[in-house]
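To keep things clear, I will list the structure first and then write my remarks on it.
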Amino acid sequence: MKRLAFYLAVLLAAICCDKPEKILFVGTYSDGFFAYDYKTGELMAKAPMPNPSFLAMNGNNVYAVSEMPDERARVFAWKWSGEAFDLLGSQPTGLPEGGEDPCHVVTDGEILAVSNYSGGTLALYQLKADGSISPMDSLIVSRTGGPDLSRQDLPHVHCAAFTPDGKQLLFSEFSADAIGQINVSRLGVSDLRTAAQLPPDFGPRHLLFDKAGKHFYVIGELSGDIAVFDWDGAHLTLKQVQKADQVDARGAADIHFSPDGEFLYASLRLQNDGIAIFKVADNGTLTPAGYQLTGPHPRNFCVTDDEVLVACRDNDSIEFYSRDKKTGLLSDTGRRLEVSKPVFVAVR
């Protein structure tokens with residue numbers, strides 16, 4: 001019996017050692033999203049679906065938007081087993097009322113919010129106990145009003161974030177140069193209002209709260225600026241507008257904090273493609289700390305304790321940069337993970 005117990009212990013240890021410590025999830029403009037072993041880069045699984053451009057994770061559930069301009073535009077729910085993706089189902093994102101090109105999804109575990117870029121709407125769903133998605137509950141229509149008649153002529157919604165108390169959603173109204181705000185304490189009642197009016201030609205894209213929930217940040221795709229707000233639990237107050245795009249390429253994309261909250265990173269495209277780095281002060285304001293050139297079209301990226309992983313769509317690769325925790329600065333490690341048209345990356 002002792003010998004049998006010994007062999008069982010050895011076998012269990014071997015199994016545990018083979019299990020990846022971290023998983024790399026990659027969304028794409030192709031025919032599926034993927035899970036990779038973070039350490040080795042080995043492909044573990046694929047979830048087949050068209051243009052899964054953004055993912056949201058809640059426990060072992062993965063939600064992915066299918067960024068399509070027609071009736072194929074949907075949001076999918078998948079269960080990650082640690083080895084494979086199992087489909088839980090999907091729901092349309094709002095067609096024909098305005099669900100084209102869903103580009104962002106976020107959840108608090110009970111409510112799912114999908115941003116429809118071309119449709120110019122925010123779609124809300126309730127999640128079932130098994131993680132699957134109920135039929136759409138609400139569809140919030142965004143507005144126009146910005147001065148760029150070529151890019152702000154139609155409403156666009158790009159991103160949404162739950163407030164720290166989970167009772168409200170803030171979302172980017174790209175074509176209105178505004179941040180929309182709705183009450184989500186009960187679905188079916190939108191209570192749409194303007195949380196903040198941004199400078200003209202700002203083009204708000206991605207947004208987020210800091211870890212303390214006291215400050216709110218939004219990057220302008222058109223202006224290349226980052227707006228910093230104080231948040232009192234109900235209202236936004238503009239505190240700072242910090243330039244991120246120094247060449248006015250009008251292609252700013254995403255923003256993320258370092259895990260310790262000491263630095264904010266922003267991805268910039270179309271010219272001088274790279275990651276802008278900012279030191280975050282105690283009062284939430286930003287000071288430029290550096291800039292790291294990357295491969296072409298760094299749409300999305302993620303920040304770990306010691307690395308920044310960048311999804312470079314136009315060179316078909318995830319690029320790995322080491323991160324100095326004290327300075328926030330990045331260094332190219334030379335490591336690349338080849339993926340067709342990557343546009344989302346996350347480590348879990």
From the options G99, G131, residue that is at pLDDT 95 or above, more than 17 Å from R143 (Cα to Cα) and in contact with a Gly (Cβ under 9 Å, 6 or more places away or on another chain): G131
Tell me yes or no: at least one residue of region 258-266 is in a loop (DSSP other than H, G, I, E, B), of a type in the set (S, T, Y) and touching a strand residue (DSSP E or B) at 6+ places or on another chain (Cβ under 6 Å). yes
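Scan region 64-73 and give yes if some residue there is assigned to a loop (DSSP other than H, G, I, E, B) and closer than 15 Å to T28 by Cβ, otherwise no.
yes
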When only residues in region 311-342 that are in contact with a Ser or Thr (Cβ under 7 Å, 6 or more places away or on another chain) and either among the hydroxyl-bearing types (S, T, Y) or modelled with pLDDT under 95 (or both) count, which is surrounded by the most Cβ atoms within 10 Å (Cβ to Cβ)? Y321
Sole exception among (1) more than 15 Å from the chain's Cα centre (by Cα); (2) assigned to a strand (DSSP E or B); (3) over 22 Å from Y29 (Cα atoms) for I275, by number: (3)
Report those strands (runs of 3 or more DSSP E) wholly inside region 146-212 carrying at least 1 residues which are among the acidic types (D, E). 168-173
Can you pull out every residue in region 234-257 that is over 18 Å from P164 (Cα atoms) and assigned to a loop (DSSP other than H, G, I, E, B)? A244, D245, Q246, V247, D248, A249, R250, G251
Does L87 qualify as being buried (at least 19 other Cβ atoms within 10 Å of the Cβ), of a type in the set (A, V, I, L, M, F, W, C) and touching a residue at least 40 places away in the same chain (Cβ under 8 Å)? no
Is it the case that E67 is buried (at least 20 other Cβ atoms within 10 Å of the Cβ) and acidic (D, E)? yes
Output the residue which, of all residues in region 129-145 that are in a loop (DSSP other than H, G, I, E, B) and among the aliphatic types (A, V, I, L, M), is surrounded by the most Cβ atoms within 10 Å (Cβ to Cβ). M136
What strands (runs of 3 or more DSSP E) lie completely within region 279-330 and have 2 or more residues being charged (D, E, K, R) and within 20 Å of L208 (Cβ to Cβ)? none
Tell me which of these S66 doesn't satisfy, since it passes every other one: (1) of a type in the set (S, T, Y); (2) out of contact with any Phe, Trp or Tyr (no Cβ under 6 Å at 6 or more places or on another chain); (3) under 20 Å from D130 (Cα atoms). (3)
Is there a residue being among the hydrophobic types (A, V, I, L, M, F, W, C), closer than 18 Å to V106 by Cβ and crowded, with 23+ Cβ neighbours inside 10 Å anywhere in region 185-192? no
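The values are calculated or read from the model by the stated rules, or taken from the named source; none is laboratory data. Values in this document were obtained by computation on a predicted structure and should not be read as measured data. With ideal geometry, Cβ positions are generated from the backbone for all residues, glycine too; neighbour counts draw on all protein chains shown.
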